[in-house]
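Before any comments, here is the structure.
Taken together, the values in this text are just the output of simple stated rules run on the coordinates, not laboratory data. None of the values given here were measured: they were computed from a predicted structure. Note that each Cβ is placed from the backbone with ideal geometry, even for glycine, and that neighbours are counted across all protein chains shown.
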Amino acid sequence: MLQRYDALVVGAGGAGLMAALQLSKQGHVAVLSKLYPTRSHTGAAQGGIGAALGNMEEDHWEWHMFDTIKGSDYLADQDAVEILCREAIETVYDLEHWGLPFSRTPEGKIAQRPFGGHTREFGKAPVRRSCYAADRTGHMILQTMYQQCIKDDVQFYNEYHVIDLLVEQGRCAGVVAICLETGEIHTFQAKAVIFATGGFGRIFRVTSNAHALTGDGMSVVLRRGIPLEDIEFFQFHPTGIYKMGILLSEAARGEGAILRNRNGERFMERYAPSLLDLAPRDMVSRAIYREIQEGRGINGANYVHLDFTHLGRDVLDKKLPDITDFVRTYMGIEPAKELVPVQPTAHYAMGGIPTDNDGRVVIDDKNTPVPGLYAAGEAACVSVHGGNRLGTNSLVDILVFGRRSGRHAADFIKKNEFVPLGANPEERAREMVQRLTTNNGKERAGDVRGTLQDEMMEKASVFRDAKTLSAMREKLHEIRDRYNHVKVEDRGTKYNTELLEVIELGSLIDVAQVLVESALARQESRGAHFREDFPKRDDPNWLKHTLAYLGPKGIEFKYKPVKITKFEPKERKY
Amino acid sequence: MQVTLKIRRFNPEKDKEPWWGEYKFEAEPTDRLLDALNHVKWYVDGTLTYRRSCAHGVCGSDAMLINGQNGLACKLLLKNLGSKITVEPMRGFRVIKDLLVDMEAFFDKYRRMKPYFITHSPVPEKERLQSVEERQRFDDTTKCILCGACTTSCPSFWANPDYVGPAAIVNAHRFVFDSRDEGKDERLSVLALNEGVWRCRTIFNCVEACPRGINVTRAIGEIKKALLLRKI
C-alpha cells in the first residue's frame, strides 16, 4: 500500500508533536506513532523544563549555557547549547500561551525551582531555573502539544510502527511501516521524514523508561548506513524506586530531599561539597554505586535511602504529588514518615542520530546531511547534552530542536520534489516480517530480552572496564544468535503485539551493540561514561564525538570534533 | 505467592466467542498486575494481547476491568488483588483482541470538547499572569491521562454509547475553569447538547475508577452548575 506525504513525523512525543505543528500548515503532513500520542514517554517527565526566566531570582541564558556545557563534561557542541538555552525562554512562554498550566509564584508568574547542576554566576550556588507544573510537567507538555495538534487538525496514523527507512541516491525517500491493527505493510513516500522516536532505556533491567522505549528509530537508520553518535553516554538517574526503576524526580532533591547511606550519613557531602545532592546525575549515580561497593548500602544491599521526612506533608502533596503517590502505591511507604529505598535507574540516552542545529541528519565528520532526513529529541544527538544531560534539559531539547527541525523541513518540502522510490520499496520490511513470523526456533523473546537486560546492567551500566565490556561483546554475539531463533507464537495479523515486541528486541540488540563497542573504544572517563581502567578524562585524545556505523564486519568508527565557542574545557568540580 | 489469572480472551481471527483463559504461576506479591500479564505473554502464551507502555500509571495505556472494577494494570499490586484475579477488557468499547479495545470513539468525544486553549485577547510578551488560587481551581482535572477507566465504568454510558462520558467532560472542565481561557461558551454549548453533561446521573462509579484520583463527579457537577448559571 502506498501513501504520499510532503513530510512525515515518526513518533508523537514532545519533539514529534512540536515538529508536526511547524509542518502541518505548510504541506500534506502526517505523524506516524506506534502508540496513541498521549501515551508517549514525554508524559512521564516530572520535575520541570529549564529556562532562565529569572522569575524567582536573577538568571541568564549564559549561566544556563555554562551549566549545560559543564554538566556535559565539555562534550556538548557549544553553538548548539547556546541555541538551546536562548530559545528555551521563548519556548516556555509559547507553552504558557498554548495554555500549559504551570505552577505559579505568588505574583502569578511561572514558578521555578532548583535542579541538579543548574547554578547562578557560573557555578556559585544553585539557582531556581526549572519551570514546573507540580511534578507532572511532562504530562502537561504532552497534553498541551497534543491539544495544539487537535486544534491545527494534524493527521495521525496511530499504532503504525516504522520498520524501514527508504534512501534513494543519498536522499530520503520515505519510510515503511506496519499497521498494528491490520498487520499490513505500508509504504509512505515523503520528501522529508523526521525521526522523533525517543530513547532505548529498555536495554537495561532497571530503567525509568516505558516498555515502548526500544531504540526503534536509531536501529532503523543504523541499518541503512547512517551512524549513531555518542551512544556510550547513557545516563543513570540517581533515584529510581528500588528494583522497579520508577523515576523519583530530581525535583525531590530540588525541594530538599536528601540521600543517605546505611549510617544515615548525607554522603554527597564527600562527593560534591558545594552542590551536594543537587550535583549532576552522573556524579550522584556514581556516588551511590561507590557507597554500595564500599558496604554502605542499606543493610549491605544495593540501594540507599532518599529522605523526605523533614519536608512536611504540605510540600509533598502540593509540589511532589505524583512521586508521593508512586512511593505509596508501589512501595507501601509513607514518605512523610519513612525513608524511601532508591537505586540508580537507566534513564536517558545522550547519544543518538547525529544532527546539525536544524535537525538535519548528518552522516560523517564533515557534517554532510542526508537531504530530507531529520531527527529530534532523545532519538537525536545535536549534541546539546554531551557526556551527561542536566535535569530539565531533555524537555528543552525536544521542544527547541523539534521546532527547528520542523521549520527546516517545512522549508525543504517547498523547495524540493519527491525522490522516486526504488523498484520494490517494501522488500526489506516484508522479508523481515516474513522471517520473524515463520521462524520455528526454540527461543522466547522474553528470555532473550531478559538476558540482554541483566547482562547490560551488570557489564555496561554506571561502571565499566575493558574486561566487562569485552565480556558483554561476547554475550551480545550469543544473544544475537539466540534472537535469530526466536519463535513468534502469534501467527495472526491483527494487533500482533508479540511480533512488535520481537521487532523491538531486534532494535534493542542493535543499539546495545553500538553502546558496548563505542564504550570499549573510548578509553577515558567522561560524563556518564566511566571506565574503571581509564578513570580520568583525556581531552587531548578524546575530546571528540563518536560516530558508530554498522559495517559488514561489525561496528566501525569515525570521530568528529567538539565545537567550542565560549567555554574552554576545565576540570569538573561541584 | 501463587497467583491465578483468569483472563477474558478473544482473537478475532480464530474465535467466534470470547472465552476464559486461566494461568497459574508464582509471582512476587509486590508485582504489578501488568508484570503478571507480561509473565503470561512472555513465558506462557505469546498471543495474549493488551496495550501497555510506561508501567507506572502515567501513560494511560492499560486500563482494564480487574476483579470487576476498572483500573490500570500497572498501578495495582498483586498483594492487593488476591490470589485469584479476573481480568477483562473495559466495558462499552468494542473488543478488538483480548484486552485491547477500540479507543477511536472515545478520542472523538474528547476532540468534540475543543480540548485546546482558546483565547482572543492579544498574546503578551511573557507569560499570562494567573494567581495560585486560579491555578488551583482546575488542578484536579489537569491530571487526566485519557485511559478510559471512568467512561467505561459509567452506567449512563453503557445505556447510551452516544453520551460523551466523564473523561470528555473532565477535559472540558480543565479549560472551562482555567481563568486564562476564553472558550467557555463554545465548550458549554457542546456540553448542553442532548448527549452532553445532563446524561450524568451522579452514580460516582467514575470517581472510584479514576486511577489518577480525580473527583470526576464533582467536576461534572461544576459543569452542570456553570450551565445553569449561564442560563440565568
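Gap in Å between the Cα centre of the range A:541-571 and the Cα centre of the range A:308-361?
One Cα centre to the other: 31 Å.
Rounded to whole Å, give me the distance from the Cα center of the range A:458-497 to that of the range B:155-174.
About 45 Å separates the Cα centre of the range A:458-497 from the one of the range B:155-174.
Under 13 Å between alpha carbons, and skipping anything fewer than 8 positions from A:LYS318 in its own chain: which aspartates and glutamates qualify?
Result set, ordered by chain and number: A:ASP135, A:GLU255, B:GLU133, B:ASP139, B:ASP140.
Give the distance, in whole Å, between the Cα centre of the range B:198-221 and the Cα centre of the range A:402-442.
44 Å
So for the range B:104-231, if I pair up every lysine 8 or more residues apart or on another chain, how many of those pairs have alpha-carbons under 29 Å apart?
19
Would you be so kind as to identify which of A:VAL342, A:GLY450, B:ILE214 lies farthest towards the positive end of the dipole of the protein assembly as shown, taking Lys and Arg as +1 and Asp and Glu as -1 on Cβ and the Cα centre as origin?
Positive-most Cα among the choices belongs to B:ILE214.
Using Cβ contacts closer than 10 Å as the measure, can you line up B:TYR43, A:TYR5 from fewest to most?
Values: B:TYR43 14, A:TYR5 24.
Least to most surrounded, the residues fall as B:TYR43, A:TYR5.
How big is the charge dipole of chain A about its Cα centre, in debye rounded to the nearest 20, if each Lys and Arg gets +1 on its Cβ and each Asp and Glu gets -1 on its Cβ?
On the way: 74 positive and 78 negative charges, 77 e Å.
Dipole size: approximately 360 debye.
Using alpha-carbon pairs under 8 Å, 6+ residues apart, how would you state the relative contact order of the range B:150-228 in percent? Write down the numbers at each step before the final one.
Numbers: 83 pairs, mean separation 28.6, N = 79.
Rounded, it is 36 percent for the range B:150-228.
Rounding to the nearest 20 debye, state how big the charge dipole of the range B:12-128 is about its Cα centre with +1 on each Lys and Arg Cβ and -1 on each Asp and Glu Cβ.
On the way: 19 positive and 17 negative charges, 100 e Å.
Roughly 480 debye, rounded to the nearest 20.
Could you give the size of the charge dipole of the range B:104-231 about its Cα centre, using +1 on the Cβ of each K and R and -1 on the Cβ of each D and E, expressed in debye and rounded to the nearest 20?
Details: 21 positive and 17 negative charges, 50 e Å.
That gives the range B:104-231 a dipole magnitude of about 240 debye.
How many percent of DSSP beta bridges within the protein assembly as shown run antiparallel, rounded to 5?
Values: 67 of 95 bridges.
Close to 70 percent.
Relative to the compact globular guide of 2.2 N^0.38 Å, what is the alpha carbon radius of gyration of chain A, as a ratio? Could you put the intermediate results ahead of the total?
Values: Rg = 22.4 Å, N = 574, 2.2 N^0.38 = 24.6 Å.
Here the Cα radius of gyration is 0.91 times the empirical estimate.
First measure r as the distance between the Cβ atoms of B:LYS184 and A:GLU90, then evaluate 1/(1 + (r/R0)^6) with R0 = 30 Å and state the FRET efficiency to the nearest 0.05. Provide the component values of the computation, followed by the final result.
On the way: r = 28 Å, r/R0 = 0.94.
According to the calculation, E is roughly 0.60.
Okay, helix-only estimate at 222 nm for chain A: each DSSP H run of n ≥ 4 adds -39500 (n - 2.57), divide by all residues, round to 500 deg cm²/dmol; what do you get? List each step's numbers first, then the result.
Details: 16 runs with 194 residues, N = 574.
That calculation yields -10500 deg cm²/dmol at 222 nm.
Could you bin all the Cα-Cα distances of chain B into 5 Å bins starting at 0 and give me the percent of pairs in each, rounded to whole numbers?
Distribution as computed: 1, 7, 13, 16, 17, 13, 11, 8, 6, 4, 2, 1, 0 percent.
Which residue, chosen from A:ILE413, A:TYR495, A:ASN55, occupies the Cα position most advanced towards the positive end of the dipole of chain A, where the dipole is computed from +1 (Lys, Arg) and -1 (Asp, Glu) charges on Cβ about the Cα centre?
A:ASN55
Could you work out the local net charge near A:TYR559, counting Lys and Arg as +1, Asp and Glu as -1, over the other residues with Cβ closer than 15 Å to its Cβ? Write out the running numbers ahead of the final one.
Details: positive: A:LYS366, A:ARG522, A:ARG526, A:LYS544, A:LYS558, A:LYS560, A:LYS563; negative: A:ASP77, A:GLU229, A:ASP230, A:GLU232, A:ASP364, A:ASP365, A:GLU517, A:GLU524, A:ASP538, A:ASP539, A:GLU556.
Net of charged neighbours comes to -4.
Determine the relative contact order of chain B: mean sequence separation of Cα pairs under 8 Å and six or more apart, normalised by residue count, in whole percent.
Values: 385 pairs, mean separation 42.3, N = 232.
Rounded, it is 18 percent for chain B.
Which value in Å is the Kirkwood Rh of the range A:240-344 over different Cα pairs? Walk me through the intermediate numbers first.
Values: mean 1/r = 0.0735 Å⁻¹.
By the Kirkwood definition, the hydrodynamic radius is 13.6 Å.
Counting other beta carbons within 10 Å of each Cβ, put A:ARG270, A:ARG526 in order, fewest first. All intermediate terms of the calculation are to be shown ahead of the outcome.
Numbers: A:ARG270 11, A:ARG526 27.
Sorted ascending by nearby Cβ count, the order is A:ARG270, A:ARG526.
If a helix is a whole DSSP H run, which ones in chain A reach 27 Å or further along their own axis (Cα) and hold a mean Kyte-Doolittle hydropathy of at least -0.5? Please report the intermediate quantities before stating the final value.
Details: long enough: A:78-97 (29 Å, -0.16); A:393-415 (33 Å, -0.14); A:497-521 (36 Å, 1.21).
Result, helices passing both filters: A:78-97, A:393-415, A:497-521.
Can you spot the lysines whose alpha carbon is less than 18 Å from A:LYS558's alpha carbon? Ignore those fewer than 8 places along the same chain.
Those lysines meeting the cut-off are A:LYS366, A:LYS544.
Using a simple spin-label model with points 7 Å from Cα along the Cα→Cβ vector, what separation in nm is obtained for A:ALA125 and A:ALA466?
Taking the simple label geometry, A:ALA125 and A:ALA466 are separated by 4.7 nm.
Nearest-5 percent of antiparallel DSSP beta bridges in the range B:2-101?
On the way: 17 of 21 bridges.
Antiparallel bridges: around 80 percent, rounded to the nearest 5.
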